[in-house]
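One structure is given below, encoded as structure tokens.
Here, each number is a calculation from the coordinates, and none is a lab measurement. This one's a predicted model, so the numbers in the text were calculated from it and none came from an experiment. No Cβ is skipped: glycine too gets one built from the backbone with ideal geometry, and neighbour counts run over all protein chains shown.
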Amino acid sequence: MPLFRYFIQLSFLGTRYHGWQIQPNAVTVQSVLDNNLSALLGEEIRVTGAGRTDTGVHARFFMAHFDTSHARLHRKEKMVYSLNGMLPGDIAVQKIIPVKPDAHARFHAASRTYEYLLSREKDPFLTGLAHFYYGTLDLRAMREATRWLTGEHNFKAFSRSHTQVKTYICRVTEAEWLEHDHRLIFRITADRFLRNMVRAIVGTMIETGKGRILSNEWQRIMDSEDRSLAGASAPAHGLYLTRIEYPPEIYL
């Protein structure tokens, strides 16, 4: 029986999940999606995600792929509607997209974009969805520090300790702070990210905003490859995966 491969685009609030990837004795986004897709299609489905997200991290845009014996799923109008009716309210599917048999949600991702949301005022509509920071931050110094991030660098100083990776080199194409009323948004785009990397960068940025780490010290921290020289990781609930780019040739 031939198998057909699809990408599935979704978004989720990570608050009550232990991240994306299946773990024993824990509820994850992947396990919930697997179970509901399997029930809907009447066969065992195992999705492969674009990457891991830590416990409590959100995704406005996430992509995964799966194989099924069902053809033309993307043309069945009720497919997405039915799946969303089965999924809990904090997971939503937007699209099911046919792709080539070797298309891979993780390995074919050309870039990913994350945003970190920081609130400088108590906001009941952002509870659990942004990191509330009470105090003055020097936004100019934080923006100046972003210049050390763009380009190809070793980000071991901002990686979770004992992470098993072949390289700590990442190529960052965008890093900026945006300001909207009492909210600050840190946006970063790269070809790949290390575990805990964005949260460690934001935590160090906060130390820069407080004047504890000067913007011209960032190069020394990055060159050291020493996680202990960077700031503490910012809380997970302020982090969002917002975009993943793929080469157009993987689509049918």
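Here are a few things to note about the model shown:
- For the chain, with +1 on Lys and Arg beta carbons and -1 on Asp and Glu, the positive-most of Thr48, Phe193, Leu37 along the dipole: Leu37
- Taking the square roots of 5 times each eigenvalue of the Cα gyration tensor of the chain, largest first, gives ellipsoid semi-axes of 35, 20, 15 Å.
- Three-way shape label, segment 111-243, alpha-carbon gyration tensor, a/c 1.5: prolate
- Normalised by the number of residues in segment 132-175, the mean separation of alpha-carbon contacts (under 8 Å, six or more apart) gives a relative contact order of 44 percent.
- Proximal lysines relative to Lys156, as straight alpha-carbon distance under 19 Å, when same-chain residues fewer than 8 apart are discounted: Lys166
- Dipole moment magnitude, nearest 20 debye, the chain about Cα centre, only Lys, Arg, Asp, Glu C-beta charged: 220
- Across the chain, the mean sequence separation of Cα contacts (distance under 8 Å, 6 or more residues apart), normalised by length, yields a relative contact order of 24 percent.
- Put simply, when 121-130, 166-175 are sorted by average Cβ atoms within 10 angstrom per residue, most first, you get 166-175, 121-130.
- Placing unit charges on the Cβ atoms of the charged side chains and taking the dipole of segment 77-125 about its Cα centre, the candidate lying farthest along the positive direction among Gly89, Ser119, Pro101 is Pro101.
- Dipole moment magnitude, nearest 20 debye, segment 111-243 about Cα centre, only Lys, Arg, Asp, Glu C-beta charged: 360
- Cut-off 10 Å between beta-carbons: net charge of the residues surrounding Leu239, Lys and Arg +1, Asp and Glu -1: -1
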